[in-house]
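The next block holds one structure in the form of structure tokens; read it before the comments.
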Amino acid sequence: MALNLAQKKEVVAELADVAAKAHSLVAAEYAGLTVAQLTELRKKARESGVFLKVAKNTLVRRAVEGTDYVGASDQLVGPLLYAFSVEDPGAAGRLVKEFAKGNDKLKAKLVAIGGKVYPASHVDVLASLPTRDQALAMFAGLLAQPATMLVRVLAEPATQLGRVISKVGEQKQAA
């Protein structure tokens, strides 16, 4: 179904709004996927906070002008599915990677993050980025590590003294 000019402007405005807020973009070829598979992919995208859209490449090129994803414009060729990570930078990468395991028809074409465009092989790198909660847990662990080490260092002399007293007691009991 062809879009009229007003509908095209609406699609461009929606994509531009999402692209301005998104952390990363994964463009993937989806030719050969069934409607049921695409519906399942869309459901998983909603659950993981990924904005998923199938749109004409010319509309997407217009939408990403002035955003970090403008560098990807020249590589937008063929029927593509666009996955924008809105909440978590690695969410789109994880979605495409996981879905592609069971559906060989879905193939990542490019990854864009931080104003740079990477080849499809970088989907694994993007997917391995920690979630916000994981990053906060790692940061808390780093902050707690010096305190833990300090407690161990301060407790070690008392522990050693206890071992010495125990050994002396054992030796006196044996004698």
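Counting only residues at least eight positions apart within a chain, or on another chain, the lysines with an alpha carbon under 20 Å from that of Lys109 are Lys44, Lys53, Lys56, Lys97, Lys101.
Computed per residue of the chain from DSSP H runs no shorter than four, each worth -39500 (n - 2.57), the mean residue ellipticity at 222 nm is -18500 deg cm²/dmol.
Would you give the gap between the C-alpha center of the stretch 104-135 and the C-alpha center of the stretch 1-74, rounded to a whole Å? The stretch 104-135 and the stretch 1-74 have Cα centres spaced 16 Å from each other. Of all the options Ala36, Ala28, Ala108, the one that moves most in a Gaussian network model of the chain with Cα springs shorter than 10 angstrom is Ala36. 3J(HN,Hα) couplings calculated from phi for the stretch 14-31 with the Karplus curve 6.51 cos²θ - 1.76 cosθ + 1.60 (θ = phi - 60°) are, in sequence order, 5, 5, 5, 5, 5, 5, 5, 9, 6, 8, 8, 9, 10, 9, 9, 7, 10, 4 Hz; Gly and Pro show x. For the chain, a simple Cβ point-charge model (Lys and Arg +1, Asp and Glu -1, everything else neutral) yields a dipole of about 180 debye relative to the Cα centre.
When the chain is treated as a GNM with alpha-carbon contacts under 10 Å, the residue of Phe84, Phe51, Phe139 showing the greatest mean-square fluctuation is Phe139. Springs between Cα atoms under 10 Å define the GNM used for the chain, and in it the highest mean-square fluctuation of Ala63, Ala144, Ala19 occurs at Ala144.
The numbers here are math on the coordinates, done by the rules we state, and not lab data. Everything numeric in this text was worked out from a predicted model, so none of it was measured. Note: ideal-geometry Cβ built from the backbone for every residue, glycine included; neighbour counts use all protein chains shown.
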